[in-house]
Amino acid sequence: MSPDNSLAHFRESIQLGIPETLPPAHQYDIAVNHAPKRKKILNPEEEKLALRNALRYFDPKHHAVLLPEFKEELDTYGRIYMYRFMPDYEIKARNISDYPAQSQQAAGMMLMIQNNLDHAVAQHPHELITYGGNGGVFSNWAQYLLTMKYLSEMTDEQTLVMYSGHPMGLFPSHKLAPRCVVTNGMMIPNYSQPDDWEKHNALGVTQYGQMTAGSYMYIGPQGIVHGTTITVLNAFRKIKESPTGNIFVTSGLGGMSGAQPKAGNIAGCITICAEMNSKAVHTRHSQGWVDVVVKNTADLITRVGQAQENKETVSIAFEGNIVHVWEALYEASIHVSIGSDQTSLHNPWAGGYYPVDLSFEASNEMMSKEPDQFKIEVQKSLRRHVEAINKHTEKGTYFFDYGNAFLLESSRADADIAGVDKEFRYSSYVQDIMGPMCFDYGFGPFRWVCASNDPEDLKKTDQIATNVLERLSKNAPERIQQQMQDNIKWIKGAQENKLVVGSQARILYADSLGRIEIAKAFNKAIAAGEIGTIVLGRDHHDVSGTDSPYRETSNIYDGSRFTADMAIQNVIGDSFRGATWVSIHNGGGVGWGEVINGGFGMVIDGSKESENKLESMLFWDVNNGIARRNWARNENATFAIKRAMEANPSLKVTIPNEVSNDLIDNI
């Protein structure tokens, strides 16, 4: 059945919510990139509980029909997705005026939710998973339908409460309150191990929201391209090599990791990115995010040799296992300048990492039918993976962890990853690059979405942001001029680099002052009728939003990196300073139980009220994290927070006193 994309049908379907009459049973579409089957983890009584939990969304008159269907889904896929209730219209970001809503802020959320589930954006759209293998917007289609209905009914004096994908309901609030508060996976600490997620997700009572998946702020792989570009550029600067003609080796083309080849092209190097899933390879190649596809190591070595000889800027997708890439390059004596990994190792046992010498299909079968053996194979592969990397680093390769739990899971696999004077042999990119160069100064992944869905609006916002940054750079301190110039270069090249997938969105690393000034300029342009409504946001992977000891806060050295006060304070503070919606999650890019991360979305409409909100909230949203990093004695953060206090006398932050090393060492 072809989708009915008429506007009237779309609006009626949104307002209908869960239909009174059952739609036809869904035919499983093998052309879609589906989530791997989850392992069987529920006992018979728990399976009955999962079915009861699923059926509570539906009128009892439908239970006899739906029960065997949901039981089959649970048996076949390890989850109840309720495929029958997938909408028959195309899910994508539309013009904000197309959404049936009483509140423009609610319409903005509807747009962002649909963008997260767009087939061009989402990793496993039929399973409501946006990226990372398990990063869900919802756990099932009933939750989607009910949430969209609530948003269509919401007024500006109500708040929608979201419990791990489930819309608990609309509650009376007030105009200045958030329109939505989202929590995902907020488990009691002692029940936050990987199998706890498997069990409670299968029961339908929690979900893994990743970072921007369950907070409705994902904008496709562009969302991480800028940060990846900064990382690659500065990795080459760190080792004092030019990107031109030199090699960056990594892996992962699904979801956010698909950003790597595009970032490598922008940086100007030769990028080799391995990926086991042929559908992911095809998607990124068809979207122009990777230039060349090769399927065996002999062809890879030949193509890399040509690229080096011609000093090409080119991205090469290797359809196969990353371990074979590292080993083949070593055997061919090809020097790799920088290396990393961006497989979803936060989710190693359910499709996040594929073992060497097992096919994609065999791996998917083993992970569901023989999960214990699959874990053995993954850990064996990690040991071999690390061994190959170590051989390269002994010859001068600069390898860094890219925040995907590679070092952590490799250590748990007893790979040769231990360092002499630190936990791991290699640093994370936050410790070496993003922490001291960006986060400590307040630079992070500010982003915006043009709610008109008009490419011309995006073009205008790019120019507005460029004008603001060029103005601010004239008076910026010398120690942040490199960041300012990198960001100006990025935004000037944004249109040329064709970064848009899904919504008309942009990401731009900016500090507190930059974010506020750009947002104010947008609001002024909206008021003047030059552009339409804008949705502001950011990645959770930012200055303040996330407490993650092996990624975002890995360069916190005062012993507090295992605390989560910053992320919680961030979301609480955003909620009463003007955010349209706020979210707080357990889990993210480094794993369930390994991180707490928070995010926000803000709809601005050109009003004075929007200007007041964005000034108040964006100032807090960044400086909360700078203050914490300053208290950890990060020198650049102390510089940044003192600068913020000079700009706003109402800000008063405790500055740490340094203690003499000689005094401490002689105690």
Measuring with a 1.4 Å probe in the full set of protein chains, what accessible area per residue, in whole Å², belongs to the stretch 222-292?
25
Is the shape of the stretch 1-71 best called rounded, prolate or oblate, per the rule: a/c under 1.5 gives rounded, else a/b larger than b/c gives prolate, else oblate, with a ≥ b ≥ c the square roots of the Cα gyration tensor eigenvalues?
oblate
With +1 on each Lys and Arg Cβ and -1 on each Asp and Glu Cβ, how big is the dipole of the chain about its Cα centre, in debye rounded to the nearest 20?
880
Considering the alpha-carbon set of the stretch 455-533 alone, what are its Rg and its Dmax in angstrom?
12.7, 37
Taking amide H positions as placed in the peptide plane 1.01 Å from N, state which residues far from Asp401 in sequence (5 or more) or on other chains have amide H under 5 Å from it.
Ser427, Ser428, Tyr429
Rounded to whole Hz and in sequence order, give me ³J(HN,Hα) for the stretch 501-513 from the Karplus expression 6.51 cos²θ - 1.76 cosθ + 1.60, θ = phi - 60°, writing x for Gly and Pro.
10, x, 5, 7, 10, 9, 10, 8, 5, 8, 8, 4, 4
Which of the aspartates and glutamates could a cross-linker span from Lys498 if the Cα-Cα distance has to be under 19 Å and same-chain partners fewer than 8 positions apart are dropped?
Asp118, Asp291, Asp454, Glu456, Asp457, Asp462, Asp486
Just flag the GluC sites (Glu not before Pro) in the stretch 516-619 sitting in loop per DSSP whose Cβ has no more than 14 other Cβ atoms within 10 Å.
Glu530
What lysines could a cross-link reach from Lys37, if we take a straight Cα to Cα line under 24 Å and drop same-chain neighbours fewer than 8 places away?
Lys48, Lys71, Lys199, Lys279, Lys369, Lys375, Lys380
Whole-Hz couplings from phi, Karplus 6.51/-1.76/1.60, listed for the stretch 175-186; x for Gly and Pro:
4, 8, 7, x, 7, 8, 10, 10, 10, 9, x, 7
Return the label of the correct value of Cα extents along the principal axes in Å, as calculated from the structure shown, out of [x] 69, 64, 57; [y] 72, 60, 56; [z] 74, 59, 48.
[y]
Charge dipole (the stretch 443-502, unit charges on Cβ, about Cα centre) - positive-most of Ala465, Phe443, Gln481
Gln481
All lysines inside 19 Å of Lys175 as judged from Cα atoms, apart from same-chain residues fewer than 8 positions distant
Lys608, Lys613
For the stretch 315-328, what does the Karplus curve 6.51 cos²θ - 1.76 cosθ + 1.60, with θ = phi - 60°, yield as ³J(HN,Hα) per residue in whole Hz, taken in order and with x for Gly and Pro?
10, 10, 8, 9, 7, x, 8, 4, 4, 5, 5, 4, 5, 5
Alpha-carbon centroids, the stretch 554-587 and the stretch 424-454: separation in whole Å
16
Let me know the shape class of the stretch 101-197, please: from the alpha-carbon gyration tensor, a ≥ b ≥ c as square roots of the eigenvalues, rounded when a/c is under 1.5, otherwise prolate if a/b is greater than b/c, or oblate.
oblate
Just to confirm, what accessible area per residue do you get for the stretch 511-667 at 1.4 Å probe, in whole Å²?
39
Flagged links, alpha-carbon separation over 27 Å, of Lys238/Lys492; Lys459/Lys642; Lys311/Lys492; Lys238/Lys262
Lys459/Lys642
Which loop trypsin sites (Lys or Arg not before Pro) in the stretch 591-667, with loop taken from DSSP, have no more than 12 other Cβ atoms within 10 angstrom of their Cβ?
Lys652
Summed side-chain charge close to Val137 - residues other than Val137 whose Cβ falls under 12 Å, Lys, Arg +1, Asp, Glu -1:
-2
Carbon/sulfur accessible area of the chain, % of total, 1.4 Å probe, equals 50
Counting Lys and Arg as +1 and Asp and Glu as -1 over every other residue whose Cβ sits under 11 Å from the Cβ of Glu157, the net charge comes to +1
Counting other Cβ atoms within 10 Å, which GluC sites (Glu not before Pro) in the stretch 70-164 have at most 14 and lie in a DSSP loop?
Glu90, Glu157
Taking every DSSP beta bridge with both residues inside the chain, roughly what % is antiparallel (nearest 5)?
55
Between the stretch 25-41 and the stretch 332-354, the Cα center-to-center distance that results, in Å
25
Classify the stretch 570-630 as rounded, prolate or oblate, taking a ≥ b ≥ c as the square roots of the eigenvalues of its Cα gyration tensor: rounded when a/c is under 1.5, otherwise prolate if a/b is larger than b/c and oblate if not.
oblate
Could you do me a favour and compute the accessible area per residue for the stretch 415-471, 1.4 Å probe, result in Å²?
36
What does the net charge come to around Lys375 if you take all other residues with beta carbon closer than 12 Å to its beta carbon, with K and R at +1 and D and E at -1?
-2
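The values are calculated or read from the model by the stated rules, or taken from the named source; none is laboratory data. Note that the structure is a prediction, hence the values are computed from the model and not measured. Heads up, the Cβs are rebuilt from the backbone with ideal geometry, glycines too, and the neighbour counts pull from every protein chain shown. In case anyone asks, the SASA skips ligands and DNA or RNA and just uses the protein heavy atoms, side chains included. Shrake-Rupley method; radii C 1.70, N 1.55, O 1.52, S 1.80 Å.
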